[in-house]
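In what follows, a single structure is set out as structure tokens and then discussed.
None of the figures in this text is laboratory data; all of them are computed from the coordinates on show. Small disclaimer: the values here were computed from a predicted structure and weren't measured. Note that we place each Cβ from the backbone using ideal geometry, even for glycine, and neighbour counts take in every protein chain shown.
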There are 2 protein chains.
Amino acid sequence: MRLTTKGRYAVTAMLDLAFHSQIKPVTLTDIAARQTISLSYLEQLFARLRRAGMVKGVRGPGGGYKLCRKTSEINIADIIAAVNEPIDSTKCGGEANCQKDQACLTHDLWMGLSEQIKDYLKSISLADLLEKNQVQEVAIRQHHDAQHTIEIHHHQD
Amino acid sequence: MRLTTKGRYAVTAMLDLAFHSQIKPVTLTDIAARQTISLSYLEQLFARLRRAGMVKGVRGPGGGYKLCRKTSEINIADIIAAVNEPIDSTKCGGEANCQKDQACLTHDLWMGLSEQIKDYLKSISLADLLEKNQVQEVAIRQHHDAQHTIEIHHHQD
DNA sequence: TACTTAACCTAGCAAAATAGTCAACTATTA
DNA sequence: TAATAGTTGACTATTTTGCTAGGTTAAGTA
């Protein structure tokens, strides 16, 4: 499980898609504009996401992308794994005999960590994130309202 | 918290160092040979580890590197952070106003995940890994012994 | 049928990160 | 003083990243 900006882009885009595709498909052009990611880069990412069976493309006018599964059934680890080239991350290719003693043990350990992080990210779904966003948006709106109230107060003073 | 091969190299090298530097300092040449990492790349990594106060270089014959702290006081997150350039990983630089609505929330979420992974890796020390390795070595030795026994048996049959 | 829209595909490119090389230099110790 | 080994900097090659430009194909719409 590699954690880079590429994966973050993918998660961002999927979150945007989940948020806006409840009624009709969302075009990559829209996502590109909202998230300031280049259209062609998004196309690359979504080609992988599509091949991984996470999204479905709808051609023609009114088309775009939509999710294949429910947001509660799409987790972060899968999104990141879909856009990252599957690398073996080991020199021995699981042969467990690459070095005399140390190397394979270290790589074992690393794979262990990687597994744990993957498990953690697997436990978080798009639905979880959406909910979190919803909460935050409410918080922001409330904050704005509060600000507004303060301004009015201030004005009336 | 970015997870790449660079960090893995650093952890591997530190684990090797912890394992072999109990009596005297360990040269990078030795680590390079054992872990098949290029010497000069190790030099780059250890320059950062030294600046981060995790290792100490000892010059002259019989010199090498040794750990500054006890293995139980060195955690994985610090090792990875030491070799990775500190990037802000956000477009808005914490201004929280980079986009109209979505982007900053996503980046918030990402930073949250990153924090959690960091916390997890912080909870694992070199000592923990050494212990794990020790256990594995015993397992391997036992496996070898078993093999040996089997061979003898086979021979005597 | 012609036109538009948007997915889908390919090639290539520039910048950055990764991985490694080479050479000169300095401090330490035998 | 000679050998050892860390320190530093410049330099190169490869891979990944993010993006541009140009198509083709499928599905709607006038």
* 7 Å along Cα→Cβ, label-point gaps from B:A47 to other copies, nm, shortest first -> 3.8
* To do: Report the dimensions of the stretch A:7-59 along its three principal axes from the alpha-carbon atoms, largest first, rounded to Å.
  => 23, 23, 19
* To do: Run through the other copies and list how far each one's label point is from that of B:R69, in nm with one decimal, shortest first; the point sits 7 Å from Cα along Cα-Cβ.
  => 4.0
* To do: Considering only chain A, pick the residue with its Cβ nearest the axis of the rotation onto chain B, and state the distance in whole Å.
  => A:L3, 2
